[in-house]
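K.L.:
Structure provided below as structure tokens; questions to follow.
Throughout, read-outs are computed from the coordinates displayed, never taken from laboratory work. What you see is a predicted model, and the numbers here were worked out from it, not measured in a lab. Here the Cβ positions follow ideal geometry from the backbone for every residue, glycine too, while neighbour counts run over all protein chains shown.
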Amino acid sequence: MMYSEKVLDHFSNPRNVGEIENADGVGEIGNAKCGDIMKMYLKIDNGIITDAKFKTFGCGAAVATSSMATELIKGKSIDDALKLTNDAVVEALDGLPAVKIHCSVLAEQAVRSALSDYYTKQGIDPLPIIGEIKMPEE
Amino acid sequence: MEKRFIYADNAATTAVSEEVLNAMLPHFRTAYGNASSIYKLGRDAQKDVEEAREKVAKALGAEPREIFFTSCGSEADNWAIKGTAELMEKRGKKHIITSVFEHHAVLHTCEYLEKHGFEITYIPVNDKGLIDPEDVRKAIREDTALVTIMYANNEIGTIQPISEIAAICNEKKVLFHTDAVQAVGHVEIDVHAQGIDMLSLSGHKIHAQKGIGVLYIRKGITLPNLIHGGGQERTKRAGTENVPAIVGLGVAIENASKNIAEKAAVITPRRNRLIDGLLKLPYTRLNGDRDKRLPGNLNISFEGIEGESLLLMLDLNGICASSGSACTSGSLDPSHVLLSIGLKHEIAHGSLRLSIEEDVTDEDIDYILEVVPQVVAKLRSMSPVWEKMMKGEKYE
């Protein structure tokens, strides 16, 4: 298993680990049976993601993609965060082994899941804005 | 505590010992003859190969003519199982008995034969990772060609009742093969006394190099030739002998099979200290029977964390270990061995295997007992599964 230096860096020193109390949006994706669960917490002010934190149960790539995803969306607008793709997460990490690409999809969907929760809490139907939350192929 | 380097993955592979290396070295540059050549350089190589064969035979309680060198343990397993299948198919016997938690070299070979018309019975193991010989007896039929059961499990280290199983096979006149790759050098083996018909072993698990193995075939069993070609290995497995590797294996198995009890007396208490120390952590379980296991093996599951992350963190702390998580198995499913003893997927993902030898000192054990709990705590602190467990919520 060849992980890039960046993956190992984000794994060994993950950014934004933890929880946000009274978060504006919380999303969770994956299941323990498959070996990956990501939980993402967002603080949102005036359409801007002012803070993002995560908790992850999973492999090195799952931790690194969660860490990178939070870095990529912090300070961004909701619209920009919704444009975050798994490819962008992979690229930012200098690549992932083929068998670990699904971890980046989990990270992308964890962000969308948290934003979906944000809209729901605002009394807005998230489906037209965010669409279905997809699980990576199992 | 100062960072250490601790190799605790001897079940994966071992370092070539200095004695083995020194025995091998002349065979690359000076004593490099082909063992089939007529001149002295060749004859000397032949002599060294036969000396190594005698050492292997002695270690196993076999005769030298019953020892066949292969390129690895998997090759030996493949030969024993497919060869027996071919031999017995002619007698109308197309049923093979194995266990659910064999090494893939055995399981995948059996699955291959299943596609070619063989019927396979997979004997279950109990929650301690042990096979009941009576289950083997019950599974034997008129058309049973072979029983193949591993000597010791590669992940959880449990030692199977091989003598009892062999006795049942002998009584029922069914051939018995055992994959002893993990057992050789760690438990006393006497193939003749135990009634074992075929046995596979691998050099690199006992401080020889990678790329050398052995299949012991009891005399009187004429397996089909594995590789057709020259007259090597009594024409059964052609190909120029890997003289350095064979010589190295001879020295390695001689060393590994002496002082087995003395080595176990050193390793077992250290291993037990690891087990007791790690089991102090909450939501932790030992996988496999505590006593009927290889002296250096320990396999523990930590709930709420995932194995690959654990291995990477241990690596950052200088500890080489192994896990049965899906992420390290290259598939979505965790280890079939851990599932076979009844572990749930989510618990199997968080398993850790350590396999130590005498070079792991008491100070190393102290270090492991300091590092592993820290790493487990760190991973649990960032795990949503652990968070749910602590809140008493369901997390499956």
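K.L.:
Averaging sequence separations of C-alpha pairs under 8 Å and six or more residues apart, then dividing by the length of chain B, give the relative contact order as a whole percent.
P.N.:
21 percent
K.L.:
Taking the 0 to 90 degree range and rounding to the nearest ten, how far is the long axis of helix A:101-121 tilted relative to the main principal axis of chain A, both from C-alpha atoms?
P.N.:
10 degrees
K.L.:
Would you list B:ILE275, B:ILE6 from fewest to most Cβ contacts within 10 Å? Please list the in-between numbers first.
P.N.:
Working: B:ILE275 16, B:ILE6 22.
The order, fewest Cβ neighbours first, is B:ILE275, B:ILE6.
K.L.:
For the range A:1-113, what does the alpha-carbon gyration tensor say about shape, rounded, prolate or oblate, given a ≥ b ≥ c as the root eigenvalues, a/c under 1.5 as rounded, and a/b over b/c as prolate?
P.N.:
Prolate.
K.L.:
So if each residue of separation counts as 0.36 nm, and I subtract the Cα-Cα distance between B:ASN22 and B:ARG141, what length gain in nm does that give?
P.N.:
Numbers: separation 119, 0.36 × 119 = 42.84 nm, distance 4.96 nm.
Additional length available on full extension: 37.9 nm.
K.L.:
Separate question: Is there a quick way to get the dipole size of chain A? I mean about its Cα centre, with the Cβ of Lys and Arg at +1 and of Asp and Glu at -1; what is the value in debye to the nearest 20? Spell out each step's value before the answer.
P.N.:
Details: 14 positive and 21 negative charges, 41 e Å.
Roughly 200 debye, rounded to the nearest 20.
K.L.:
List the pair-distance distribution P(r) of chain B, using every Cα-Cα distance, as the percent of pairs falling in each 10 Å bin from 0 up to the bin containing the longest distance, rounded to whole percents.
P.N.:
The distribution over chain B is 5, 22, 29, 24, 14, 4, 1, 0, given as percents.
K.L.:
Relative to 2.2 N^0.38 Å, what does the C-alpha radius of gyration of the range B:35-135 come to as a ratio? Two decimals please.
P.N.:
1.44
K.L.:
Next up: At 222 nm, what helix-only mean residue ellipticity would chain B give, in deg cm²/dmol to the nearest 500, using -39500 (n - 2.57) for each DSSP H run of four or more?
P.N.:
-13000 deg cm²/dmol
K.L.:
Using a 10 Å cut-off around each Cβ of peptide B:302-311, what is the average number of partner chain Cβ atoms that fall inside?
P.N.:
4
K.L.:
Another question, if that's okay. So if R0 is 60 Å, what FRET efficiency would B:THR240 and A:LEU127 give, r being the distance between their Cβ atoms, rounded to the nearest 0.05?
P.N.:
After rounding to 0.05, the efficiency reads 0.30.
K.L.:
Over 26 Å between Cα atoms: which of B:LYS55/B:LYS236; A:LYS33/A:LYS134; A:LYS134/B:LYS388; A:LYS53/B:LYS3 fall into that group?
P.N.:
In this structure, A:LYS53/B:LYS3 lie more than 26 Å apart at Cα.
K.L.:
Which whole number gives the average count of other chain Cβ atoms within 10 Å of the Cβ atoms across peptide B:341-353?
P.N.:
Details: counts 0, 0, 0, 2, 5, 7, 1, 2, 8, 3, 0, 0, 0.
So the per-residue partner count for this stretch is 2.
K.L.:
List the GluC sites (Glu not before Pro) in the range B:114-165 that DSSP assigns to loop (not H, G, I, E or B) and whose Cβ has at most 12 other Cβ atoms within 10 Å. Which are they?
P.N.:
Those that pass, being in a loop and sparsely packed, are B:GLU142.
K.L.:
Let me ask something else. Using Cα pairs closer than 8 Å and at least 6 residues apart in sequence, work out the relative contact order for the range B:1-154, in percent.
P.N.:
Once normalised by length, the contact order is 18 percent.
K.L.:
With both bridge residues required to lie in the range A:6-132, what share of the DSSP beta bridges run antiparallel, to the nearest 5%?
P.N.:
95 percent
K.L.:
Additional query: Using the Kirkwood radius built from alpha carbon pairs, what does the Stokes-Einstein equation give as D for the range B:205-251 at 4 °C and 1.567 mPa s, in µm² per second?
P.N.:
So the translational diffusion coefficient is about 108 µm²/s.
K.L.:
Let a ≥ b ≥ c be the square roots of the eigenvalues of the Cα gyration tensor of the range B:165-233; is it rounded (a/c under 1.5), or, if not, prolate (a/b larger than b/c) or oblate?
P.N.:
Cα axes put the range B:165-233 in the oblate bin.
K.L.:
Quick one: Cα centre-to-centre distance for the range B:253-331 and the range B:224-247, in angstrom?
P.N.:
Answer, in whole Å: 37.
K.L.:
May I pose another question? Which of the helices in chain B meet the span-like rule: DSSP H, Cα axial reach of 20 Å or more, Kyte-Doolittle mean at least -0.5?
P.N.:
For chain B, where a helix must reach 20 Å along its axis and average at least -0.5, the hits are B:243-257, B:260-279, B:362-381.
K.L.:
For the residue pair B:CYS320 and B:ASN34, what label-to-label distance in nm results when each label sits 7 Å from Cα along the Cα-to-beta-carbon direction?
P.N.:
3.6 nm
K.L.:
Now for a separate question. Which residue, B:ARG293, B:ARG29, B:ARG91, tops the fluctuation ranking in a GNM of chain B built on C-alpha contacts under 10 Å?
P.N.:
Maximum fluctuation in the GNM of chain B, among the listed residues, is at B:ARG29.
K.L.:
Wrap a convex hull around the Cα atoms of the protein assembly as shown, take a quarter of its surface area, and give that in square nanometres.
P.N.:
27.9 nm²
K.L.:
Separate question: Is there a simple number for the mean count of other chain Cβ atoms within 10 Å of the Cβ of residues in A:51-64, and what is it?
P.N.:
Average per residue, whole number: 6.
K.L.:
On to the next question. Sort by residue number and report every cysteine in chain A with no other cysteine beta carbon within a distance under 4.7 Å.
P.N.:
Result for chain A is A:CYS34, A:CYS103, no neighbouring Cys Cβ within the cutoff.
K.L.:
If you find the alpha carbon centre of the range A:32-70 and of the range B:352-396, how far apart are they in angstrom?
P.N.:
22 Å
K.L.:
Here is a follow-up. Where the centroid of each part is defined by its Cα atoms, how far is the range B:96-129 from the range B:51-71 in Å?
P.N.:
Their Cα centres are 27 Å away from one another.
K.L.:
Going by a ≥ b ≥ c, the root eigenvalues of the Cα gyration tensor, does the range B:1-90 fall in the rounded group (a/c under 1.5), the prolate group (a/b larger than b/c) or the oblate group?
P.N.:
Oblate, since a/c reaches 1.5 and b/c is not below a/b.
K.L.:
Suppose every Lys and Arg Cβ carries +1 and every Asp and Glu Cβ carries -1, with no other charges. What dipole size does chain B come out with about its Cα centre, to the nearest 20 debye?
P.N.:
Once rounded to the nearest 20, the dipole reads 740 debye.
K.L.:
Still on this structure: Which distance in nm do the two modelled labels at A:ASP79 and B:LYS378 give, with both placed 7 Å along the Cα-to-Cβ direction?
P.N.:
4.1 nm
K.L.:
Along the Cα→Cβ direction, 7 angstrom out, place labels at A:MET135 and B:VAL100. What is the inter-label distance in nm?
P.N.:
2.3 nm
K.L.:
Oh, and also: Run through the range B:138-206 and list the trypsin sites (Lys or Arg not before Pro) located in a DSSP loop whose Cβ has at most 16 other Cβ atoms within 10 Å.
P.N.:
Sparse-neighbourhood loop trypsin sites (Lys or Arg not before Pro): B:ARG141, B:LYS173.
K.L.:
With n ≥ 4 as the cut-off for DSSP H runs, can you work out [θ] at 222 nm for chain A, using -39500 (n - 2.57) per run divided by the number of residues, rounded to the nearest 500?
P.N.:
About -12500 deg cm²/dmol.
K.L.:
Here's another thing I want to ask about it. Which whole-number percent gives the relative contact order of the range A:1-108, counting Cα pairs below 8 Å spaced six or more residues apart?
P.N.:
Result for the range A:1-108 is 29 percent.
K.L.:
For the range A:24-102, which trypsin sites (Lys or Arg not before Pro) are both in a DSSP coil and crowded by at most 13 other Cβ atoms within 10 Å?
P.N.:
A:LYS83
K.L.:
If one takes the longest principal axis of the Cα atoms in chain A, at what angle in degrees, from 0 to 90 and to the nearest 10, does the Cα axis of helix A:60-73 lie?
P.N.:
Roughly 40 degrees between the two axes.
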